[in-house]
Structure formats: structure tokens, C-alpha cells
Amino acid sequence: MNGLIPAGAPVAVFGAGRHGSYVFRCLRRFGREVTCFLDNNSGRWGSTVHGLEVRGPSQRPTGSFVVIASAWAAEIQAQLGGLGLIPDRDFLIWPTWL
């Protein structure tokens, strides 16, 4: 995992549901700093998961690396591409089967 996410980069988990929670716990076990959760559900914006704020995708902290933790990964990948993010440099998809 540490070789896939740039060293020292803060991480935003895209997906504030059950899978996002699982990914958050895994990242913490690897010693990665998670700064917030991102989600397309505006009803979740402003709430917290594991003590971290849930934000809309356009509110991603500058310089943060995004880990997609959602069954809608293909759609989110296209969405992030539309925001100018590049796969593997700016984000990756965490497999839902892990």
C-alpha cells in the first residue's frame, strides 16, 4: 500500500459508507494520514465519519491523494478525471473485494 500512495501525501477517502470506513481503518494500520472523506451524497456533506469531515468532491484538500472506496469506482474515476486528476498520480481505486 505504501508504494501506491505517494510518501507523505495526505489521503482523502472517496466513499463515506461501509467500504470507505474499512479502507480508512486499513490506511490507518499502514500509518497513512487520512484527512477527510469525500462523497457525492450531499446529504452526508458536513457530517463526520471516524471523526473526519465528509466533503463534496470539489472540496478535496489541495495536494491530497484520493483513494476511491466505492462500488461506483468507474463513475468516480471519470468524475475525478473531469476535475483534472490523473489515475495513479492523484488517485487510485481500492478493490471492493479486499
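The values are calculated or read from the model by the stated rules, or taken from the named source; none is laboratory data. Everything numeric here is computed off the predicted structure, so don't read it as measured data. Don't worry about glycine lacking a Cβ; one is built from the backbone with ideal geometry, like all the others, and counts go over all protein chains shown.
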(request) Keeping to segment 46-69, report how many residues are of a type in the set (Val, Ile, Thr) and surrounded by fewer than 16 Cβ atoms within 10 Å (Cβ to Cβ). (result) 2
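Each row is one residue, and each column tells you yes or no for (1) over 16 Å from Leu92 (Cβ atoms); (2) within 9 Å of the chain's Cα centre (by Cα); (3) part of a loop (DSSP other than H, G, I, E, B).
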residue	(1), (2), (3)
Ala7	no, no, yes
His19	no, no, no
Tyr22	no, no, no
Arg28	yes, no, no
Cys36	yes, yes, no
Arg44	yes, no, yes
Val54	yes, no, no
Pro61	yes, no, yes
Ala74	no, no, no
(message) Take the residues in segment 70-81 that are among the aliphatic types (A, V, I, L, M) and in contact with a strand residue (DSSP E or B) (Cβ under 7 Å, 6 or more places away or on another chain); name whichever of them is surrounded by the fewest Cβ atoms within 10 Å (Cβ to Cβ).
(response) Ala73
(message) Step by step: first the residues of segment 28-45, then only those that are of a type in the set (A, V, I, L, M, F, W, C) and at pLDDT 95 or above, then the one that is surrounded by the most Cβ atoms within 10 Å (Cβ to Cβ). Which residue is that?
(response) Leu38
(message) Which pairs turn up if I take residues in segment 49-63 that are within 13 Å of Val11 (Cβ to Cβ) and look for partners that are surrounded by 13 or more Cβ atoms within 10 Å (Cβ to Cβ) and among the charged types (D, E, K, R) with beta carbon separation below 9 Å, at least 6 apart in sequence or on another chain?
(response) His50/Arg28; Pro61/Arg55
(request) Answer yes or no: is there a residue in segment 79-87 that is more than 21 Å from Leu4 (Cα to Cα), of a type outside the set (A, V, I, L, M, F, W, C) and outside any loop (DSSP other than H, G, I, E, B). (result) yes
